[in-house]
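Each remark here refers to the structure printed beneath this line.
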Number of protein chains: 2
Amino acid sequence: MFAEIITIGDELLIGQVVDTNSAWIGHELNNVGVEVLRVTSVRDRQNEIVDALESAMKRVDLVIVTGGLGPTKDDITKKVLCDYFDTKLIFNDAVYANIKRILGNRISMNDLNKSQAMVPEKCTVINNRVGTAPICWFEANNKILVSLPGVPQEMTTVMSEEILPRLKNIASLGNIIHRTFLVKNLPESILAEKIASWEGQLPDSIKLAYLPKLGIVLLRLTARGTDENVLSDLLNEESLKLKSILGKDLLIDSDSPLEIILGDKLKNLGLSIATAESCTGGSIAARITSIPGCSEYYKGGIVAYSNQVKIDLLEVSPAILSAKGAVSEETVIAMAKGAMKQLNVDCAIATSGIAGPDGGTVDKPVGTIWIAACYKEKQLTLKQEINRGRAMNVERAANNALLLMLELLETGKN
Amino acid sequence: MFAEIITIGDELLIGQVVDTNSAWIGHELNNVGVEVLRVTSVRDRQNEIVDALESAMKRVDLVIVTGGLGPTKDDITKKVLCDYFDTKLIFNDAVYANIKRILGNRISMNDLNKSQAMVPEKCTVINNRVGTAPICWFEANNKILVSLPGVPQEMTTVMSEEILPRLKNIASLGNIIHRTFLVKNLPESILAEKIASWEGQLPDSIKLAYLPKLGIVLLRLTARGTDENVLSDLLNEESLKLKSILGKDLLIDSDSPLEIILGDKLKNLGLSIATAESCTGGSIAARITSIPGCSEYYKGGIVAYSNQVKIDLLEVSPAILSAKGAVSEETVIAMAKGAMKQLNVDCAIATSGIAGPDGGTVDKPVGTIWIAACYKEKQLTLKQEINRGRAMNVERAANNALLLMLELLETGKN
């Protein structure tokens, strides 16, 4: 089954909001064997929405529409869908009751909230457990169109609980299987050269894609066909060949975020960890703590942005700071060891660098970032020297710090 | 001038990568008076790319294409553009020299790298200062098509330095001005009711949009027309009316992130700040340190994920923790005061809560998060009680913490 996604809202076109819904929907549809051919974002204008709807309904069997279902005047999706499916809005008691439940005691019901209970007559209305906007499922000429709210948490909840199970029940879904490999140390072009002959012999049902990401490259294999077992065997066979070519450069056959891979490893080894961050400013801690259950191994961290905090809380010696500077191998090692001592943990990650855009010198230009990973008596350090702007320098340093810790745990077992 | 954006890459459709390029491009084009009507994401397939190109070139004057310019086999954009514009690929010395410069000593040049120096004959080639993929500017039938790399940092650099200045030089660009207002405390429907009569009297050239965001609502006014002064006067007039209706609920007339607003305020007041985070796990620190120059006011922070770290590093009394629990008003106040003392700062923000998905109790269900803001002797606290999943609970708590600190600085001046 093929699908398209249409996201509606001026805010997407003027760049006030990044469309994260499409990627999430694409990922989930793939998992149930629905292939997304196109994503279209249009403004809150009747004729532009209709134009996008008409083209999509011609090309594919399933169209997922998000956005434009709020209570305010700029949200026109329901009206447009009524015109498109030649129907009208009618009051729906169940939707009204749901809106009252959701608003609860927080606010009293006004006319705008009530207008959300008006739904197109010719559609199946699906309950929105976590929001006030109704979900509409239309069927016409063997095609399906589903209209969902644009608020990500509402959309993901309703898709997971209501829409994906319905789609799974619809027969004739093809099979799509992905396998993703995380490769470190190799730039894209060198990696491509290394695996060129393997890539050349891949069967037609398997497609390869490269996804470079600040310090790592994800390799994605996608198999498409009707028989899941055949596809799975094929993928396993090609994965084994790839692994034997890449050896140590292949970090893991997973597209899990590094913070999950590291968390799993720490749990398996029964180790605890802390962070000591200067230029990454808490973003490594934020990534580690984004994983539920991280309290099992993560105890906490110190964001030592100023040198005084490095001295006071991490016991970095002022002598090191003045002799070597805050951006130095000696400083990050001292920071990591300080964190291990202060937070009484088995391992620690530390970063210190010049994230930019200012603060660079001839010796230490913007983008110079030192990283240390310590595990008991063992340690690894890395000097990152590439400037792609503050946000990407920090993100790359966080990736490298997590990778360095993983590498230390692989090689440095006591 | 009207534009469309086409982003190319399987990874966008299967949801492995979120398309952040479109929002950035939309925002920047708006600033130079170019209105984006549509964003289309398509797979790396010749016929699908051509179909998207043809439709877009019919509808608008400018098409920005990103992605599919890498050195590997799955990247086919250049070839497709050659077919579309009826031209062929030729070797370009300047592009080759640039690729050699970019790769530098990191890796040696291979055939894949060299293939990036092949460019369409019928286009203006623009140098990519920060990457190996060439930028192609096509003109045909009074329409412009620009092909850019999909790597965000390369795309944004080239757009800023090369493409936007060229577009600004092209006459007949209309004017678009946005003003955004950050409103707190009011749910969308209540806010809409409050400003309904004002909204009803807005002139045709001004459009209003609501952008709800976890604890705040952004109101965006967009004025379109030919005369910038007229538009600006109109916007000012309507902004004043809006401000008088909203009063204290209107936090600031800016769409700056809260961390910039807070940073500016701290700089103006000459104050320093620290963070003490439990459930937000470093994400407040990461947001504050995402702003260049934050070292002027941000000294550092402690991520006190475990209770022992709250006791050891923030001097939270074990008596409070056992009597009131880690998720309590008393604990977050003690955490903030501990951070002020340990990091020797004027202000501190603290959080402690149950981010989820597990760990809730009857008294303190998942989503219960206590927040404290302290400034010298003064303090404000807030109990957040809404569960929208771990990531959104944390993001909302970070928003509320930054808002609470802003409020304290407004009302609690010593």
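Among the residues of the stretch A:265-296, those identified as assigned to a loop (DSSP other than H, G, I, E, B) and either crowded, with 24+ Cβ neighbours inside 10 Å or facing another protein chain (nearest Cβ under 8 Å) (or both) are A:Ser278, A:Cys279, A:Thr280, A:Gly281, A:Gly282, A:Thr289, A:Ser290, A:Pro292, A:Gly293.
Out of all the residues in the stretch B:234-242, is one or more surrounded by fewer than 19 Cβ atoms within 10 Å (Cβ to Cβ) and within 13 Å of chain A (Cβ to nearest Cβ)? No, that holds for no residue.
Residues of the stretch A:297-329 that are within 12 Å of chain B (Cβ to nearest Cβ), without any contact (Cβ under 8 Å) to a residue 12 or more places away in the chain and either in contact with an Asp or Glu (Cβ under 6 Å, 6 or more places away or on another chain) or acidic (Asp, Glu) (or both): A:Asp312 alone. One residue stands out in the stretch B:178-192 among those that are in a strand (DSSP E or B), closer than 30 Å to B:Thr226 by Cα and not polar (S, T, N, Q): the one that is nearest to the other protein chains (Cβ to nearest Cβ), namely B:His178.
Of all the criteria given as (1) of a type outside the set (Val, Ile, Thr); (2) more than 7 Å from chain A (Cβ to nearest Cβ); (3) part of a helix (DSSP H, G or I), the one not satisfied by B:Ala3 is (3). So A:Arg220 fits all but one of (1) within 27 Å of A:Glu395 (Cα to Cα); (2) not hydrophobic (A, V, I, L, M, F, W, C); (3) not in a strand (DSSP E or B); what number is the exception? Every condition holds for A:Arg220 apart from (3).
Considering the stretch A:32-46 alone, what residues qualify as being within 11 Å of chain B (Cβ to nearest Cβ), over 17 Å from A:Ile144 (Cβ atoms) and either of a type in the set (Lys, Arg) or out of contact with any strand residue (DSSP E or B) (no Cβ under 8 Å at 6 or more places or on another chain) (or both)? Within the stretch A:32-46, A:Arg43, A:Arg45 qualify. One residue stands out among those in the stretch B:252-264 that are touching a residue at least 40 places away in the same chain (Cβ under 8 Å) and not small (Gly, Ala, Ser): the one that is surrounded by the most Cβ atoms within 10 Å (Cβ to Cβ), which is B:Leu262. Looking at (1) surrounded by 16 or more Cβ atoms within 10 Å (Cβ to Cβ); (2) more than 34 Å from the chain's Cα centre (by Cα), can you tell me which one A:Ala117 breaks? That leaves (2) as the condition not met.
Considering the stretch B:55-80, and only residues there that are away from chain A (no Cβ under 11 Å) and of a type in the set (D, E, K, R), the residue that is surrounded by the most Cβ atoms within 10 Å (Cβ to Cβ) turns out to be B:Lys78.
Within the stretch B:357-397, the set of residues being within 14 Å of another protein chain (Cβ to nearest Cβ) and in contact with a strand residue (DSSP E or B) (Cβ under 8 Å, 6 or more places away or on another chain) comprises B:Gly360, B:Gly367, B:Ile369, B:Gln384, B:Glu385, B:Asn393, B:Arg396, B:Ala397. Only residues that are touching a Ser or Thr at 6+ places or on another chain (Cβ under 6 Å) and more than 20 Å from A:Cys294 (Cβ to Cβ) were counted across the stretch B:333-359, and they come to 3. Residues that are hydroxyl-bearing (Ser, Thr, Tyr), closer than 21 Å to A:Ile25 by Cβ and touching a Gly at 6+ places or on another chain (Cβ under 9 Å) do occur in the stretch B:39-49, at least one of them. When residues of the stretch B:195-217 are filtered for being assigned to a helix (DSSP H, G or I), more than 10 Å from chain A (Cβ to nearest Cβ) and either farther than 21 Å from B:Asn236 by Cβ or in contact with an Asp or Glu (Cβ under 9 Å, 6 or more places away or on another chain) (or both), how many remain? Total meeting the criteria: 1.
Let's see how each residue does on (1) in contact with a strand residue (DSSP E or B) (Cβ under 6 Å, 6 or more places away or on another chain); (2) of a type outside the set (A, V, I, L, M); (3) loosely packed, with under 15 Cβ neighbours inside 10 Å:
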position	(1), (2), (3)
A:Ile206	yes, no, no
A:Pro212	no, yes, no
A:Gly215	no, yes, no
A:Leu219	yes, no, no
A:Thr226	no, yes, yes
A:Val230	no, no, yes
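Pairing residues of the stretch B:34-51 that are within 17 Å of A:Ala56 (Cβ to Cβ) with residues that are part of a loop (DSSP other than H, G, I, E, B), at Cβ distances under 7 Å and at least 6 apart in sequence or on separate chains, gives B:Leu37/A:Arg43; B:Leu37/B:Val60; B:Ser41/B:Asp19.
Modelled with pLDDT of 95 or more and under 30 Å from B:Ala223 (Cβ atoms) - does that describe any residue in the stretch B:66-79?
yes
Checked against the criteria, B:Glu121 does not count as acidic (Asp, Glu) and within 14 Å of chain A (Cβ to nearest Cβ).
What's the total number of residues in the stretch A:40-65 that are farther than 18 Å from A:Phe2 by Cβ and either β-branched (Val, Ile, Thr) or not in a strand (DSSP E or B) (or both)? Total satisfying the criteria: 10. Applying the set (1) closer than 30 Å to B:Thr72 by Cα; (2) modelled with pLDDT under 90 to A:Val151 leaves exactly one unmet item: (1). Of A:Ile190, A:Ile195, A:Ile177, which residue is without any contact (Cβ under 8 Å) to a residue 12 or more places away in the chain and among the aliphatic types (A, V, I, L, M)? On inspection, the qualifying residue turns out to be A:Ile190. Scanning the stretch A:163-177 for residues that are surrounded by 22 or more Cβ atoms within 10 Å (Cβ to Cβ) and within 13 Å of another protein chain (Cβ to nearest Cβ) turns up nothing. Quick one: would you say A:Gly325 is surrounded by 21 or more Cβ atoms within 10 Å (Cβ to Cβ), more than 28 Å from B:Ala304 (Cβ to Cβ) and touching a helix residue (DSSP H, G or I) at 6+ places or on another chain (Cβ under 9 Å)? In short, no.
A count restricted to the stretch B:133-162 and to residues that are free of Cβ contacts under 8 Å to residues at least 40 places away in the same chain and of a type in the set (A, V, I, L, M) stands at 3. Answer yes if at least one residue in the stretch A:90-101 is surrounded by 17 or more Cβ atoms within 10 Å (Cβ to Cβ) and facing chain B (nearest Cβ under 8 Å), and no otherwise. No, every residue in the stretch A:90-101 fails to be surrounded by 17 or more Cβ atoms within 10 Å (Cβ to Cβ) and facing chain B (nearest Cβ under 8 Å).
The values are calculated or read from the model by the stated rules, or taken from the named source; none is laboratory data. Computed from a predicted structure; not experimentally measured. Every residue, glycine among them, receives a Cβ derived from its backbone with ideal geometry; neighbour counts consider all protein chains shown.
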